[in-house]
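Note sheet for the following structure.
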């Protein structure tokens, strides 16, 4: 397998090309979470690209912030769930790569629709409960935006997971500090998120370098050591929105817009083709 | 004759659900019951006693409950969510839409205390829009059984039926007049055949339709009383067969006449065989506190209104 950094670079290339090709989509959060997806799918998670909806005896991943579908689709294709050529159909008519992830078109790798925010943690808990009922030792991973935590359903789920000792769940928050209308501390301040998860009864891991793929692997591996210890596990992952493309990095401005031809060229010049373009 | 249909007893439909889910769980180890702090009201006591490990208490957090149910299906569980109809639908519409219906998950949304017959709690809890909301969702099956036996039958049947289901039942003690074995998802139940007027009803109102039918038969009117317990998929064939003979219809439901059973009947008629229809249901209004009997009278859902509607619609032919 190529080095994780090379995989991440190619996924970033795919993201900007897909969003440019569709002339729409969400590059900012996708680029910020690329190292997480790379670490999860190419190192940490036990999963089978011969897709099976029931995920029997394999780990499950649930994406709650569905708008970062470009990074999800590129990761799944690069991991062997479907042909990378299909990435060119992103957001186009009759595609399985819908604007937001869906099971409706039967894209391998997707187990739940997301896009309307705040629902993924509940789904991940349900999948984790099924693992327990079926006597499996497998793990459920979920990813959430930080702005998404404004949605109250998350806090219902966070309360539930601790109360019911859902200790086979590792939920990661992409803490990039940005949401559509601006910085999270202006729109709706999360204050001390770690203290909140802690007060709700979760094991909390802080990951300061969410755009260092080795650091992400280390945090996820550390999280796995807490599985089965009676508490759900949260990773608060600091990332930069738009990481890897200098003019997109660190701003909410690139949450949901596509680069033009000139911007695409500028972005690709920073992201060498490591595994071959789709 | 309709007067030969006599109740074999009286029970609440929610007890039919409670007895049904316990029996279904004995047969199928994948059934899981969830509740949002209403296990007692939904009569889950027996289920919890026999299968404590398959019971999930969510607290007063319905949105989370629906999401957890969707997740439970990954790996083959058959989750039944339980709370009042209002909190089963309007409160969690988007969760049902995205995580259950659009995602094609095998979740059974089981909703008690629907309609006016909830009674004294008043309009905050008397949902009259839920059938409409649920039937609009692509892929959603909507079932409104009429008595204890039929609710039990439906609770058992949906375990073996792949896909999301909305099962609507209620609070009051109500006559039992059907047999468990007579229920088939999607197949209308004919109580009487006739040529003058068709009465299509669902839920508690089926008994009221039978009462009205008795009066109409005594007046010499040839009436068809048909229970449309499955609102979706709709038994178009049964409705067409009936109105082809009678050429007019009354629809009866404990629901807003906008969006409910009446609309489904009217759509079939408009497409295939335009006929006059009279609608019995609430007329674009909220309910209020009162006893079930008082409320059905005040909102025009009681037996005499059905009789009057039948006589009126026959004159419009």
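Throughout, read-outs are computed from the coordinates displayed, never taken from laboratory work. Only a predicted model underlies this, so the values are computations on that prediction, with no experimental measurement involved. In this analysis, Cβ positions are derived from the backbone assuming ideal geometry, glycine residues included, and neighbour counts consider all displayed protein chains.
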Worksheet entry | the range A:202-235: number of residues that are assigned to a loop (DSSP other than H, G, I, E, B) and touching a residue at least 40 places away in the same chain (Cβ under 8 Å) | 11
Worksheet item: Got a sec? Which of A:127, A:113 is within 11 Å of chain B (Cβ to nearest Cβ), touching a helix residue (DSSP H, G or I) at 6+ places or on another chain (Cβ under 6 Å) and in a helix (DSSP H, G or I)?
Response: A:127
Worksheet entry | Top-ranked residue in the range A:106-118 [being out of contact with any strand residue (DSSP E or B) (no Cβ under 9 Å at 6 or more places or on another chain) and within 20 Å of residue B:76 (Cα to Cα); ranked as surrounded by the most Cβ atoms within 10 Å (Cβ to Cβ)] | A:113
Fill in: Residue check, residue A:82 more than 14 Å from every other protein chain (Cβ to nearest Cβ), farther than 25 Å from residue A:210 by Cα and either out of contact with any strand residue (DSSP E or B) (no Cβ under 8 Å at 6 or more places or on another chain) or not in a helix (DSSP H, G or I) (or both)
yes
Worksheet item: Within the range B:10-35, how many residues turn out to be more than 19 Å from residue A:129 (Cα to Cα) and either in contact with a strand residue (DSSP E or B) (Cβ under 8 Å, 6 or more places away or on another chain) or surrounded by fewer than 24 Cβ atoms within 10 Å (Cβ to Cβ) (or both)?
Response: 14
Worksheet item: What do you reckon, is residue B:97 surrounded by fewer than 24 Cβ atoms within 10 Å (Cβ to Cβ), in contact with a strand residue (DSSP E or B) (Cβ under 9 Å, 6 or more places away or on another chain) and either under 16 Å from residue B:31 (Cβ atoms) or facing chain A (nearest Cβ under 10 Å) (or both)?
Response: no
Worksheet item: Given the residues A:111, A:78, which is the only one that is under 18 Å from the mean Cα position of the chain (by Cα) and closer than 18 Å to residue A:17 by Cα?
Response: A:78
Practice prompt. Output yes when any residue across the range A:22-35 is free of Cβ contacts under 8 Å to residues at least 24 places away in the same chain and surrounded by 19 or more Cβ atoms within 10 Å (Cβ to Cβ), and no when none is.
Written response: no
Item to complete: Can you tell me which residue within the range B:282-295, out of those that are outside any loop (DSSP other than H, G, I, E, B) and touching a helix residue (DSSP H, G or I) at 6+ places or on another chain (Cβ under 6 Å), is surrounded by the fewest Cβ atoms within 10 Å (Cβ to Cβ)?
Response: B:292
Worksheet item: Do the conditions hold for residue A:98, that is, is it crowded, with 24+ Cβ neighbours inside 10 Å and within 19 Å of the chain's Cα centre (by Cα)?
Response: no
Worksheet item: Only one residue in A:212, A:198, A:192, A:181 is over 29 Å from residue A:57 (Cβ atoms), away from chain B (no Cβ under 14 Å) and within 16 Å of the chain's Cα centre (by Cα). Which one?
Response: A:212
Response to the item:
Scanning the range B:127-141 residue by residue, those under 14 Å from the mean Cα position of the chain (by Cα) and more than 24 Å from residue B:30 (Cβ to Cβ) turn out to be B:127, B:128, B:129, B:130, B:131, B:132, B:133, B:135
Item to complete: List the number of the failed condition for residue B:60; all other conditions in (1) touching a helix residue (DSSP H, G or I) at 6+ places or on another chain (Cβ under 6 Å); (2) part of a loop (DSSP other than H, G, I, E, B) hold.
Response: (1)
Worksheet entry | the range B:100-141, residues that are part of a helix (DSSP H, G or I) and within 14 Å of another protein chain (Cβ to nearest Cβ) | B:100, B:101, B:102
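Yes or no, residue by residue, for (1) without any contact (Cβ under 8 Å) to a residue 60 or more places away in the chain; (2) surrounded by fewer than 24 Cβ atoms within 10 Å (Cβ to Cβ); (3) at the interface with chain A (Cβ under 9 Å from one of its Cβ atoms):
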site: B:37; (1), (2), (3): yes, yes, no
site: B:41; (1), (2), (3): no, yes, no
site: B:48; (1), (2), (3): yes, yes, no
site: B:54; (1), (2), (3): yes, yes, yes
site: B:57; (1), (2), (3): yes, yes, yes
site: B:65; (1), (2), (3): yes, no, yes
site: B:69; (1), (2), (3): yes, no, yes
site: B:76; (1), (2), (3): yes, yes, yes
Worksheet item: So residue B:82 fits all but one of (1) more than 22 Å from residue B:228 (Cβ to Cβ); (2) away from every other protein chain (no Cβ under 14 Å); (3) part of a loop (DSSP other than H, G, I, E, B); what number is the exception?
Response: (3)
Item to complete: Being assigned to a helix (DSSP H, G or I) and under 12 Å from the mean Cα position of the chain (by Cα) is the filter; apply it to the range B:142-154 and report the residue that is surrounded by the most Cβ atoms within 10 Å (Cβ to Cβ).
Response: B:151
Item to complete: Taking the residues in the range A:253-278 that are touching a helix residue (DSSP H, G or I) at 6+ places or on another chain (Cβ under 7 Å) and not in a loop (DSSP other than H, G, I, E, B) as candidates, determine which candidate is farthest from residue A:216 (Cα to Cα).
Response: A:264
Worksheet item: Among (1) more than 16 Å from the chain's Cα centre (by Cα); (2) closer than 30 Å to residue A:181 by Cβ, which single condition is residue A:36 missing?
Response: (1)
Worksheet item: For the range A:163-178, how many residues meet the condition of being over 19 Å from the mean Cα position of the chain (by Cα) and within 12 Å of another protein chain (Cβ to nearest Cβ)?
Response: 3
Practice prompt. Return the residue satisfying two criteria in turn: it lies in the range A:60-79 and is within 14 Å of chain B (Cβ to nearest Cβ) and not in a helix (DSSP H, G or I), and of such residues it is surrounded by the fewest Cβ atoms within 10 Å (Cβ to Cβ).
Written response: A:61
